[in-house]
1. I'm trying to understand the selection: among the residues of region 268-309, which are open to solvent by 60 Å² or more (accessible area, probe 1.4 Å) and within 23 Å of F156 (Cβ to Cβ)?
2. Among the residues of region 268-279, which ones are among the charged types (D, E, K, R) and in a loop (DSSP other than H, G, I, E, B)?
3. Of all residues in region 313-335, how many are more than 29 Å from the chain's Cα centre (by Cα), open to solvent by 70 Å² or more (accessible area, probe 1.4 Å) and of a type in the set (D, E, K, R)?
4. I'm trying to understand the selection: among the residues of region 281-335, which are farther than 30 Å from K109 by Cα and not in a helix (DSSP H, G or I)?
5. Could you please let me know if K18 is of a type in the set (K, R), surrounded by fewer than 20 Cβ atoms within 10 Å (Cβ to Cβ), touching a helix residue (DSSP H, G or I) at 6+ places or on another chain (Cβ under 9 Å) and under 29 Å from V331 (Cβ atoms)?
6. How many residues does region 70-96 contain that are under 22 Å from A229 (Cα atoms), of a type outside the set (G, A, S), free of Cβ contacts under 8 Å to residues at least 60 places away in the same chain and part of a loop (DSSP other than H, G, I, E, B)?
7. What are the residue pairs meeting all of these: first residue in region 127-153, first residue surrounded by 22 or more Cβ atoms within 10 Å (Cβ to Cβ), second residue among the β-branched types (V, I, T) and in a helix (DSSP H, G or I), Cβ atoms under 6 Å, and 6 or more apart or on different chains?
Amino acid sequence: MTQTSTTPLSNNPIPLEKDELIKAYRTMRTIRDFEERLHVEFAKGDIPGFVHLYAGEEACATGVMMHLTDMDRIASTHRGHGHCIAKGVDVAGMMAEIYGKETGSCRGKGGSMHIADLSKGMMGANGILGAGAPLICGAALAAKFRGDGGVGITFFGDGAANQGTVLESMNLAAIWNLPVIFVVENNGYAEATSVTYATGVESYVDRAAGFGLPGVSVDGTDFLAVHKAAGELIARARAGGGPALLECRMIRFFGHFEGDSQTYKAKGENDFNRANRDCLKIFADRVTAAGIVSDAEIALLDREVAQLIDDAAASAKAAPLPVARDLLSDVYVSY
């Protein structure tokens, strides 16, 4: 079962209830505003370490995660803020973590690239390319033995898709029939290297076929396309159908990291993407044109999310830093 989807879902009727569409927009708007705020705050020099922003890619994380519960596990990447938010990790705790504060999700010890919350099934962002794939195979193996219907989702980019760990994990998942979905977030660039230069296949669906896995490729700026494809693959995995691959073809608005001059991009590329490939705008235009969600409701959601991000930033800045005695806490497990 290998297929490539290039045609958007039909406009009417939209196959989701209004409350689900509002939830989807709120999640995508929260990710966008969180990242846009970090873009501003990082430039002030108060945030330690590197920051890799997910702005522009919100439809993928949201479309996948709306099918999951806290029981399901995900493994993220260095560009993991969107995955965290879509999986339900507390926004204020995330902001504090990025600022390195004691009130952070990991008490200020992980920072941007290592946010985790096991209570939400978020196994952690990861600064090592492709490292989430073998980790999620372990989580999926545990779910299979428990027989609880849980699934594992590993996200990775087009660069990490060339890592041996990812390819070995696909093979492992195939031979053990693990409930894993490999989600390739193909934004066109591995840091500064174009996917057309570094990848010898037209679609990552071809990679899946090499391991006997079904694969689907969708427009990652179309939330409804992602939601539909992810839902089918996740339901299949829950029912014992085994692993699969989902490729989301999308774009990132910012550079690989904050401070990236993006000289590898064509002149005007970012402006074009903002104007024509913004997944939030595509979604809002679609649901308002269908008469399901009004412009006023979209505006209200925007205001509510803006206040949430303002509050999170203010509380993070006011929160205390970890103290010396915290250095060795949370390092070893006590049995």
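The values are calculated or read from the model by the stated rules, or taken from the named source; none is laboratory data. Note that the coordinates shown come from a computational prediction; the quantities given were computed from them, not determined experimentally. When we count neighbours, we look across all protein chains shown, and the Cβ atoms used for this are built from the backbone with ideal geometry, even at glycine. The accessibility values were calculated without ligands, DNA or RNA, using every heavy atom of the protein model including side chains. Shrake-Rupley method; radii C 1.70, N 1.55, O 1.52, S 1.80 Å.
1. R277, the sole residue that qualifies.
2. Those that are among the charged types (D, E, K, R) and in a loop (DSSP other than H, G, I, E, B): R277, D278.
3. 1
4. Within region 281-335, A290, G291, I292, V293, S294 meet the criteria.
5. For K18, the condition - of a type in the set (K, R), surrounded by fewer than 20 Cβ atoms within 10 Å (Cβ to Cβ), touching a helix residue (DSSP H, G or I) at 6+ places or on another chain (Cβ under 9 Å) and under 29 Å from V331 (Cβ atoms) - is not met.
6. 1
7. That search, which allows pairs on different chains as well, returns G130/T165; G130/V166; A133/T165; A133/V166; V151/I234; G152/I136.
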